[in-house]
Amino acid sequence: MVEPDVDLYAEPEPGRLNPGRLWAGGVATAVVAALVVIAGVYIARGILGIPVLAPKAAGSFGSSVTAVYAAVAAAGALLATGLLHILLLETPRPLSFFTWITALADLILVVAPFSQPASLPSKVFTAVINLVAGVAVISLLTGVARSAMQVGTPRPVPSPPGMQPNARGAPRSRPPG
């Protein structure tokens, strides 16, 4: 039996990034992050009676601080998408770097509430909200990155009659004559 000739040290064929798909997934992830915050605050305040982000008199959704918290979570997801885009374009093993960077950022956000002057239940539940939002962003964007990467060379675009492909495989008009 003849072994195939495989070069174990050859560089892998680079994939192509679909930035539209990456950023569409990033926007969807931002919506999820914001909704995690809103749902977390509602569960804490409305169901468990824990005063997260505002005094108990503020109601089940807290105060305007809840909207700011949700907007910051969405902005963080978009910032993570930008980081992921740069890593996908320029680094070896971009998903490993992305996971480490965002997991460490999430760790900081999980412990941050414990440095604030608030009740222990409020600190714990804020940390839980931050953890769930961070895990959602990391897991969703990792999947988005895999979906946005197109491995190998693109398939040529079929040419309609009367057209011939250019060097990249896209159709172009035939010269007259």
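So here's what we get for this one:
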quantity: Within the stretch 103-117, considering residues that are surrounded by fewer than 16 Cβ atoms within 10 Å (Cβ to Cβ) and of a type in the set (Gly, Ala, Ser), the one nearest to the chain's Cα centre (by Cα); calculated: Ala103
quantity: Hits in the stretch 41-60 - residues which are open to solvent by 50 Å² or more (accessible area, probe 1.4 Å), at pLDDT 85 or above and part of a helix (DSSP H, G or I); calculated: Tyr42, Ile43, Ile47
quantity: Which numbered condition Val68 fails, given (1) in contact with a helix residue (DSSP H, G or I) (Cβ under 9 Å, 6 or more places away or on another chain); (2) without any contact (Cβ under 8 Å) to a residue 24 or more places away in the chain; calculated: (1)
quantity: Selected residue (only one of Gly25, Gly82, Gly20 is open to solvent by less than 40 Å² (accessible area, probe 1.4 Å), modelled with pLDDT of 85 or more, out of contact with any helix residue (DSSP H, G or I) (no Cβ under 6 Å at 6 or more places or on another chain) and not polar (S, T, N, Q)); calculated: Gly82
quantity: Which numbered condition Val31 fails, given (1) at pLDDT below 95; (2) open to solvent by 60 Å² or more (accessible area, probe 1.4 Å); (3) assigned to a helix (DSSP H, G or I); calculated: (1)
quantity: Scan of the stretch 87-102 for residues that are out of contact with any Phe, Trp or Tyr (no Cβ under 6 Å at 6 or more places or on another chain) and loosely packed, with under 13 Cβ neighbours inside 10 Å, ordered by number; calculated: Leu89, Glu90, Pro92, Arg93, Ser96, Trp100
quantity: Filtered residues of the stretch 122-137 (kept if in contact with a Leu (Cβ under 9 Å, 6 or more places away or on another chain) and open to solvent by 70 Å² or more (accessible area, probe 1.4 Å)); calculated: Leu131
quantity: The listed residue being open to solvent by less than 40 Å² (accessible area, probe 1.4 Å) and modelled with pLDDT under 90, out of Gly162, Gly169; calculated: Gly169
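The values are calculated or read from the model by the stated rules, or taken from the named source; none is laboratory data. Keep in mind that this is a model prediction, so the values were computed, not measured. For neighbour counting, all protein chains shown are included, and Cβ atoms are generated from backbone atoms with ideal geometry for every residue, glycine included. SASA here: full protein model, heavy atoms, side chains in, ligands and nucleic acids out. Shrake-Rupley method; radii C 1.70, N 1.55, O 1.52, S 1.80 Å.
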